[in-house]
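Taking it in order: structure first as structure tokens, then the write-up.
The values are calculated or read from the model by the stated rules, or taken from the named source; none is laboratory data. Quick caveat: nothing in here was measured; it's all calculated off a predicted structure. Note that each Cβ is placed from the backbone with ideal geometry, even for glycine, and that neighbours are counted across all protein chains shown. The protein model used for the area step is the full one, side chains on, heavy atoms only, and it has no ligands, DNA or RNA in it. Shrake-Rupley method; radii C 1.70, N 1.55, O 1.52, S 1.80 Å.
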Amino acid sequence: MASLFHDRWWIVFATICGLVVGAGPINVFTFGVFLKPITEDLGLSRGAFSAALTFHAAIAAIVLPIIGWLVDRWGARRIMLPGLFLYALATASYALIQASPLLLTFLIFAFTGLVGGVQSPIPYAAVIAQRFDRRRGLALGIGTAGVGLGVALMPQLAALLIDTFGWRLAYVGLAVAVLVVAFPPVALFLRDPPGFARVQRLREPADTGAAVPGVAAGEALRSWLFWGLATAFFLDVIAINGTLTHIVPLLTDRGVPRQIATAALSGTGFALIFGRVLSGWCLDRFWGPYVAIVFFVLPMTGIAILISGTGGFAPFLGAIACGLGIGAEIDLMAFFTSRYFGLRDYAKLYGTMFGIFALGVGIGPALSGASFDRFHSYTPAFALFVIMLATGCLVFLRLGSYPFPALGEAVSGAAEKMPA
């Protein structure tokens with residue numbers, strides 16, 4: 001039994017490694033580090049360059065549900081191994097960004113949005129959800145904390161590479177990091193359940209032939225519950241990503257050196273790690289909507305601190321509060337999908353919700369960039385972000401009990417013995 005347990009947690013380890021260099025840390029959280037060097041070098045406005053990220057997010061929003069369908073149909077491993085090479089190539093292609101024609105820049109961002117779904121939490125979360133039941137929240141929290149580690153490390157790596165080699169070669173360095181950090185553990189440890197088929201089956205009671213319980217994708221997509229959750233997380237990512245992707249230029253505009261401003265962004269990564277593991281631990285013990293509300297109020301507070309313009313340590317505290325909030329969002333979304341809709345079409349539903357979520361990834365930075373270009377201040381956009389987070393809290397208050405709670409002690413004990 002010890003070896004089986006050990007094998008399951010190696011999947012969590014592979015998830016951590018993969019998401020360290022995932023689409024979030026590479027495409028979104030290094031964006032603020034590259035923003036000023038690229039716009040100053042090419043003569044672009046912040047709003048125009050941020051719009052490219054919005055276009056990237058729109059492409060990703062379309063592709064991510066397809067990734068979910070492919071994972072349900074073929075399994076995560078068969079999608080991810082070739083996908084990692086394509087994603088590394090896409091990351092290196094950022095080195096070709098030009099001001100003219102601007103269309104080339106948009107096409108590059110579209111390419112990364114097209115292939116980035118393999119490095120989203122979707123395939124990783126699908127495998128973890130299949131392997132864990134009672135400790136699903138904790139396993140998802142620890143695994144997806146890899147995003148937080150990436151947020152902590154990738155901006156620092158990007159800043160170091162920019163200072164040493166320039167921003168173009170810095171993107172090539174990030175592409176190498178994708179292959180070195182993600183590919184070996186994914187190839188070695190990430191395994192779909194034995195006998196994975198189109199209709200997934202529980203490992204226990206496998207002999208009964210009982211199909212995995214859950215709501216069919218079509219039925220779920222017709223429910224207010226799915227769209228309520230999708231809306232809440234959509235507003236959440238607009239607000240938090242719109243704030244954090246501009247935290248480096250915001251602080252440097254206030255006279256903070258770039259390395260220190262980048263350290264503040266990295267600090268949000270460590271807060272993200274803590275928030276993700278803490279939220280996962282809480283989800284296994286407390287009613288999820290209450291947990292979600294707490295982790296939405298934290299970034300509301302952080303954004304309010306940034307709006308206040310208070311100096312000293314206050315902006316860093318605001319960034320950390322946002323990091324705690326963003327640390328919980330993906331974990332919450334993955335967990336709620338499994339508990340409210342089951343595992344029958346888990347990757348499809350999570351992929352669709354994550355696609356909507358990904359669209360918000362690009363909208364937030366564009367709103368912040370437009371606010372700065374129009375008002376020479378981030379305050380109007382940040383005030384709107386606080387309202388969005390408050391709206392998400394209202395959605396969570398309407399959620400009911402889980403239709404698919406953790407299995408009873410006897411059955412979940414068998415589920416814990418699922419082979420890896």
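Miscellaneous remarks
- Enumeration of residues in the stretch 318-373 that are aromatic (Phe, Trp, Tyr), surrounded by fewer than 24 Cβ atoms within 10 Å (Cβ to Cβ) and either out of contact with any helix residue (DSSP H, G or I) (no Cβ under 8 Å at 6 or more places or on another chain) or farther than 23 Å from Ile303 by Cβ (or both): Tyr340
- The one condition in (1) of a type in the set (Val, Ile, Thr); (2) open to solvent by 20 Å² or more (accessible area, probe 1.4 Å); (3) in contact with a Gly (Cβ under 6 Å, 6 or more places away or on another chain) that Ile66 fails to fulfil: (3)
- The lone exception for Gln259 - which of (1) closer than 25 Å to Leu394 by Cα; (2) open to solvent by 50 Å² or more (accessible area, probe 1.4 Å); (3) not β-branched (Val, Ile, Thr); (4) not in a loop (DSSP other than H, G, I, E, B) it fails: (1)
- Pairs, first without any contact (Cβ under 8 Å) to a residue 60 or more places away in the chain in the stretch 220-241, second part of a helix (DSSP H, G or I) and open to solvent by 10 Å² or more (accessible area, probe 1.4 Å), C-beta under 8 Å, six or more apart: none
- Matching residues in the stretch 12-37 - criterion: being part of a helix (DSSP H, G or I) and among the polar types (S, T, N, Q): Thr15, Asn27
Residues are listed down the side, and each one gets a yes or a no for (1) in contact (Cβ under 8 Å) with a residue 24 or more places away in the chain; (2) open to solvent by 20 Å² or more (accessible area, probe 1.4 Å):
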position	(1), (2)
Leu19	yes, no
Gly22	yes, no
Pro25	yes, no
Asp41	yes, yes
Thr54	yes, yes
Ala76	yes, no
Tyr87	yes, no
Ile97	yes, no
Leu104	no, yes
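- Residue that is closer than 17 Å to Ile79 by Cβ, out of contact with any Lys or Arg (no Cβ under 7 Å at 6 or more places or on another chain) and either open to solvent by less than 10 Å² (accessible area, probe 1.4 Å) or not aromatic (Phe, Trp, Tyr) (or both), where the choices are Pro155, Pro121: Pro121
- Scope the stretch 322-377; condition within 14 Å of Gly242 (Cα to Cα) and among the aliphatic types (A, V, I, L, M); matching residues: Ile326, Ala358, Leu359, Val361, Ile363, Ala366, Leu367, Ala370
- Residue within the stretch 225-235 that is under 18 Å from the mean Cα position of the chain (by Cα), within 17 Å of Thr301 (Cα to Cα) and assigned to a helix (DSSP H, G or I) present: yes
- Single residue of the stretch 272-308 satisfying the filter (without any contact (Cβ under 8 Å) to a residue 24 or more places away in the chain and over 28 Å from Tyr402 (Cα atoms)) that is least open to solvent (accessible area, probe 1.4 Å): Ile305
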